[in-house]
Every structure is written in C-alpha cells, then in structure tokens.
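Reviewing the structure listed below.
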Amino acid sequence: MVNRKSLEPDSGPLAAYGARVRRLREERGWTQEDLAERTRYSSKHISAVETGNRSSTLKFSGALDAAFGLVGTDQSFDRECQQLRHGVLMEGFPEYVHQERKAVEIRLFEIGIIPGLLQTPEYAQAVAAGSVARGATSVKSAAERVRVLVQRQQILEREQPPILFVVMDESCIRQSVGGPEVMAAQLDRLVELAARPHVILQVAPFAIGERRSFNRPVTLATLPDRSVLFYAESQSQGHLERKNGTVTSMLTGYHQLAVEALSQADTVAMVKEVRKGIL
C-alpha cells in the first residue's frame, strides 16, 4: 500500500497550494508520475509541493497551469503563486475562497464595514485606499485585493447562487466610508440585494447590547454535502475550522444573533432612513 500523507490545507498557504495540486491531479485520475510527465518535473518534486515541503516557483506554477488547462484563468497557479510571494492575500484566505465558490449557503456577520460580498466597487476601493493610507498595505496589493473581491462577488450572479444570510452590526451602515456619494450608492446596493430571493439581510441594532453573540466578524459556509466550515481572521492570518464542536457552537451563536436582529423588512427600512440623511 502506498504511504499517502494526509494534507492539512488550513495550516498555511504552502499547504493550501499543495492540497489544490493534489486535488486537481486526483480529479483527473493522474498519479504523481503522470503529472511529472506533463510538467517535466520529477515525481519527487510534485510530492514535495503537494505536502507543503517545497515552495512553488512561477516557472513550476506555469507548468501546472499548462497541464491542468488553467493558463490565463482566475484559478491559475501562476496567479496564486504571485499572491503568496507578495503577501497579497492573508494566510488561510485562499483556501476559504476555494470553499466559498462551492458553498450552497453562506452566513456572514460583520462589524464596522459592509461585508465584502455586498460591497460596491467604489466602497471596496475606498476601504483599500484606507489601508494604503495607513501603511497597512501597498497600492499594488490593495488593487489585487479589490480584484479578488470583485471575482468573489460573481457567485451571487450565478444561475443558482448560494443562499446568503447576512447580519450586520448597525455600525456597518452608520459608519461613512468613501464620502457621501460612495456611501449612498452602497446603501442603495444593500436595498437592491435585499430584494433578491437568495439574500437574507438583517441589521443587529445597537440596542441589543450584550445580547449580540459575536464581537468579531464571522463567516460560516455550508457545502453541498451539508458540512459547515467556520472562517475567522486575526490581525495577521485567517483560519478555516472544520471541527464539529467549534462549528456547532458558532452556528448556534449565529442563529441566536439572527433572532435578536431586525427583520429584513425593518432592516431595509433602517437602511433607507440612513440613506435619506446622506444625500
């Protein structure tokens, strides 16, 4: 029996990169030797990358793209390699984005800013510009993050989009980002999204006080097999959690929060009222 090492894609960006190589290879029914032949790298090299023991290079990523038919696509290994090398995306986030594309339900809670999937391009650019002004990121990295966000939002335009449950702290709609025109357009966007059958939008008002379940952003993604993943970020990295105990606890907290939050009708009314005071 072949000694097949178990992969932990959440342990870091190299692990996530390697796990994706293995997944695509196995989906095609290829052995490491098959991929080695197609890329002109050794099977030992393939194995080291898949297990996260060897960093990838742009040249190797290009060879993978040619083998898997990903050249020039948004899912290319070349693009992922460049993101890893320049620290464009937070560690752990690329693996979440991969799972997000497959999700049938997504539950979000956000504090302070509109959740990324709901942001207008102008709002997203204003958030990115703020990061650049604070010295938290470079202009190039900020632009790439906005590009990735726009790509992520395409899941909402699919013929069968995921059901999106969003609870926003009231601060999300009260805090001005990008100036009056940008904020007004963003609030209009929220009203438009709330009218879609697959979007459930709620505001957790300041009045719920200590009954608010979370004090940090929370993301829960339900996959086609009904398994649920929990994603959260610290200051420096993201973490994707699959353990049943943790996920169940977070899901319970989310449902408790949704009960305390305003209904969708009352939420839209509040958003429209805030909108009136801007322009």
Helices (runs of 4 or more DSSP H) within the range 132-235 that include 1 or more residues touching a Leu at 6+ places or on another chain (Cβ under 7 Å) and either hydroxyl-bearing (Ser, Thr, Tyr) or closer than 22 Å to Val268 by Cβ (or both): 171-174, 180-194
Going residue by residue through the range 145-166, is there one that turns out to be over 19 Å from the mean Cα position of the chain (by Cα) and closer than 30 Å to Lys243 by Cα? no
Apart from one, (1) under 21 Å from the mean Cα position of the chain (by Cα); (2) in a loop (DSSP other than H, G, I, E, B); (3) not assigned by TED's automatic domain parsing to the domain that holds Asp169; (4) not small (Gly, Ala, Ser) all hold for Ile113; the odd one out is (3)
Name every residue in the range 1-38 that is hydrophobic (A, V, I, L, M, F, W, C), in a loop (DSSP other than H, G, I, E, B) and at pLDDT 80 or above, in order of residue number. Trp30
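If you check Ala195, Ala184, Ala204, which single one turns out to be loosely packed, with under 14 Cβ neighbours inside 10 Å and under 24 Å from Lys276 (Cβ atoms)?
Unique residue meeting the criteria: Ala195.
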Taking first residues from the range 118-146 that are under 30 Å from Gln202 (Cβ atoms) and second residues anywhere that are of a type in the set (Ser, Thr, Tyr), the pairs with Cβ under 6 Å that are 6 or more apart or on different chains are Ser131/Thr137; Ala142/Ser131
Could you please find all residues in the range 223-232 being in contact (Cβ under 8 Å) with a residue 60 or more places away in the chain and surrounded by 17 or more Cβ atoms within 10 Å (Cβ to Cβ)? Leu229, Tyr231
Checking Pro197 against (1) of a type outside the set (A, V, I, L, M); (2) closer than 24 Å to Glu122 by Cα; (3) without any contact (Cβ under 8 Å) to a residue 24 or more places away in the chain: exactly one of these is not met. Which one? (2)
Test: residue in the range 72-79 that is assigned by TED's automatic domain parsing to the domain that holds Pro224, modelled with pLDDT of 85 or more and under 21 Å from the mean Cα position of the chain (by Cα): no
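Within the bounds of the range 92-108, is there any residue that is under 26 Å from Met270 (Cα atoms) and either modelled with pLDDT under 95 or not aliphatic (A, V, I, L, M) (or both)?
Checked the range 92-108: at least one residue is under 26 Å from Met270 (Cα atoms) and either modelled with pLDDT under 95 or not aliphatic (A, V, I, L, M) (or both).
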If you check Leu262 against the conditions, is it assigned by TED's automatic domain parsing to the domain that holds Phe165, under 16 Å from Val166 (Cβ atoms) and either in contact with a His (Cβ under 7 Å, 6 or more places away or on another chain) or part of a helix (DSSP H, G or I) (or both)? no
When restricted to Glu170, Glu181, the only residue assigned by TED's automatic domain parsing to the domain that holds Gly253 and touching a strand residue (DSSP E or B) at 6+ places or on another chain (Cβ under 6 Å) is Glu170
Tell me which of these Ala232 doesn't satisfy, since it passes every other one: (1) at pLDDT below 95; (2) more than 18 Å from the chain's Cα centre (by Cα); (3) not acidic (Asp, Glu). (2)
Among the numbered conditions (1) in a helix (DSSP H, G or I); (2) modelled with pLDDT of 90 or more, tell me where Tyr41 comes up short. (1)
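The values are calculated or read from the model by the stated rules, or taken from the named source; none is laboratory data. As the structure is a prediction and not an experimental result, all values here were calculated from the model. So basically every Cβ, Gly included, is an ideal-geometry build from the backbone, and we count neighbours across all protein chains shown.
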